[in-house]
Structure formats: structure tokens, C-alpha cells
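This report refers to the structure that appears directly beneath it.
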Amino acid sequence: MTAPLLENASKMTVMLVDDHAVVRAGFRMLLATESDIDVIAEAARGEELLSCYSQYQPDIVVMDLSMTGIGGLETTRRLHLREDKAKVIIFSVHYEKVYVQRALEAGVRGYVCKHAHPACLIDAIRVVAKGDIYLDPSLREISGTQIETRNYQRIIDTFSPREFDVFVLLAKGMTAHQIADTLCLSYKTIANYATTIRRKLNINSMVQLAQIASLLNIF
């Protein structure tokens with residue numbers, strides 16, 4: 001069922017889950033061309049992944065959606081109940097909106113169609129390994145808002161309590177001087193917080209900041 005562990009901690013480790021051995025072999029050959037990726041294990045069913053995930057602890061799971069047994073979505077849900085930091089990329093022939101949305105709701109971090117260019121899977125692994133969400137370029141219009149929302153929420157979750165306070169007040173339309181008075185801090189301190197917040201969110205204006213707050217229902 002599984003391949004032997006490799007001992008290069010500097011590489012991203014991947015487990016392949018697909019009920020077709022020839023497909024897994026193709027994945028392995030593709031990823032073997034990348035110096036920063038190691039395929040450390042394989043499974044033919046979701047049940048097999050769940051039984052051995054803790055043994056291998058891969059950085060990324062690349063999994064088919066439609067498999068014999070419980071399937072990719074239910075496998076993802078069950079895996080996250082045990083391992084909330086597990087990162088799953090769905091690699092599927094299905095590109096319809098309903099499949100993508102259900103996968104995102106199940107907690108997958110990436111979705112790539114099997115008809116996509118092979119480089120998309122490699123890109124997805126690298127993006128998801130860094131903590132971001134990857135969606136096949138051909139699918140981004142389907143769930144762009146949902147992806148954007150999750151990415152912004154992830155960033156805001158890293159804010160310090162003071163950064164979050166400043167973010168909320170800026171989103172409400174208060175100026176740096178007004179926020180300084182409200183929080184009993186200097187104008188320079190608030191200005192520095194505002195700069196840090198914009199940099200983290202990769203935005204340039206307070207209008208964008210307010211839009212993000214609205215998108216996330218901060219108020």
C-alpha cells in the first residue's frame with residue numbers, strides 16, 4: 001500500500017491517494033522530477049489513508065475525489081477530525097462548481113483538475129505547503145470569493161490583539177489621529193500599525209481594508 005519513507009526533511013513530503021495504480025505511478029513520475037518534493041507514501045482508498053496518515057505525517061495529501069470506498073470528500077472530513085492541520089489537495093476529473101464548493105467546505109486546501117497542465121499540481125503542492133489555498137486557474141472564477149475570504153481570514157487570524165483593534169477602527173472609517181485618541185496611543189504608533197496591516201493584507205488603501213472587513217462580516 002505504501003512506499004518507504006524518505007529522510008530528507010528539507011523536502012515537502014507528499015502522500016498520493018487514488019484507486020488507480022497507473023494514475024499513482026504517473027503522479028509519482030511527475031513529482032520525482034522536482035527536487036523539493038518527495039512522494040513518501042501511497043494509498044488506494046480513503047480508508048487506507050486514514051489508517052496510516054499518523055505513521056507518515058505527510059506535508060500534503062494529493063487525493064482523488066471519486067474512489068472506491070468512502071471517497072475523497074468524506075476522507076477529508078474524517079482526516080480533519082483527527083488531524084486539523086492536515087493539508088489536502090483534490091486532483092479530480094470533476095470541474096463542476098458543486099464539486100469544488102463541496103471540497104472547499106470539507107476543508108481541502110487545493111483543487112486541481114486532471115485535465116490541467118501537469119505544472120498546476122506542482123504549483124498547488126508548493127502553494128498549499130506554505131499555508132495558502134490553491135485553485136486550478138480554470139476554476140478560480142467559480143469560487144473566487146470563497147477563496148479570497150478564507151485567505152483574508154487566515155491573515156487576520158495572525159494579527160496581534162492591538163493590530164486587530166486598529167484594523168476594526170480603520171475599517172469603521174476612523175482616522176489615525178482619532179484611533180490614537182481612542183486607544184491612548186501616539187499617532188506614529190497607529191500609523192505604523194496601519195502600515196503593517198496593509199502590508200500583511202497586501203492592500204494599498206483604506207477602501208480595500210473596509211471591503212475586506214465587510215467581506216468577513218467583522219462588524
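The values are calculated or read from the model by the stated rules, or taken from the named source; none is laboratory data. Keep in mind that what you see is a predicted model, and the values were worked out from it rather than measured. Reconstructed Cβ throughout: ideal geometry from the backbone, glycine too, with neighbour counts over all protein chains shown.
Name the residue, out of V98, V62, V17, that is surrounded by fewer than 13 Cβ atoms within 10 Å (Cβ to Cβ) and of a type in the set (A, V, I, L, M, F, W, C). It would help to see each step written out before you state the result.
Values: V62 fails: surrounded by fewer than 13 Cβ atoms within 10 Å (Cβ to Cβ); V17 fails: surrounded by fewer than 13 Cβ atoms within 10 Å (Cβ to Cβ).
Going through V98, V62, V17 in turn, the sole match is V98.
If you filter the stretch 85-131 down to residues that are over 14 Å from the mean Cα position of the chain (by Cα) and part of a loop (DSSP other than H, G, I, E, B), you find that the one that is farthest from S66 (Cα to Cα) is H117. The set of residues in the stretch 198-219 that are touching a residue at least 12 places away in the same chain (Cβ under 8 Å) and within 21 Å of the chain's Cα centre (by Cα) comprises K200, L201, I212, A213, L215, L216.
In summary, V62 fulfils each of the numbered conditions (1) over 21 Å from L81 (Cβ atoms); (2) not in a helix (DSSP H, G or I) with the single exception of condition (1).
L81 fulfils the conditions (1) surrounded by 17 or more Cβ atoms within 10 Å (Cβ to Cβ); (2) among the hydrophobic types (A, V, I, L, M, F, W, C); (3) under 18 Å from the mean Cα position of the chain (by Cα) except for a single criterion, (1).
Results for (1) closer than 15 Å to M15 by Cβ; (2) in contact with a Leu (Cβ under 6 Å, 6 or more places away or on another chain); (3) in the same structural domain as V22 (by TED's automatic domain parsing), shown as yes or no for each residue.
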residue: K87; (1), (2), (3): yes, no, yes
residue: L104; (1), (2), (3): no, no, yes
residue: V112; (1), (2), (3): no, yes, yes
residue: C120; (1), (2), (3): no, no, yes
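Given the options L215, L185, L135, name the one that is over 22 Å from I60 (Cα atoms) and at pLDDT below 90.
L215
Of the residues that make up the stretch 164-171, is at least one modelled with pLDDT under 90 and in the same structural domain as L209 (by TED's automatic domain parsing)? Talk me through it step by step, then tell me what you get.
Initially, the stretch 164-171 is screened for residues modelled with pLDDT under 90, giving 171.
With the extra rule that they be in the same structural domain as L209 (by TED's automatic domain parsing), the set shrinks to 171.
Among the residues of the stretch 164-171, at least one is modelled with pLDDT under 90 and in the same structural domain as L209 (by TED's automatic domain parsing), which makes the answer yes.
For the stretch 138-157, a residue qualifies if it is closer than 17 Å to K87 by Cβ and either modelled with pLDDT of 90 or more or touching a strand residue (DSSP E or B) at 6+ places or on another chain (Cβ under 8 Å) (or both), and exactly one does: I147. If we scan the stretch 18-32, do we find a residue that is in contact with a helix residue (DSSP H, G or I) (Cβ under 6 Å, 6 or more places away or on another chain) and in a helix (DSSP H, G or I)? The answer is yes; a qualifying residue exists.
From the residues in the stretch 168-219 that are among the charged types (D, E, K, R) and part of a helix (DSSP H, G or I), which one is surrounded by the most Cβ atoms within 10 Å (Cβ to Cβ)?
R198
Of all residues in the stretch 107-130 being of a type in the set (G, A, S) and in contact with a strand residue (DSSP E or B) (Cβ under 8 Å, 6 or more places away or on another chain), which is nearest to H80 (Cα to Cα)? It would help to see each step written out before you state the result.
If we filter the stretch 107-130 for residues that are of a type in the set (G, A, S), which is where we start, we get 107, 110, 116, 119, 124, 129.
Now narrow it down to the ones that are in contact with a strand residue (DSSP E or B) (Cβ under 8 Å, 6 or more places away or on another chain): 107, 110, 124, 129.
Numbers: G107: 8, G110: 15, A124: 19, A129: 16 Å.
Going through the qualifying residues, I end up with G107.
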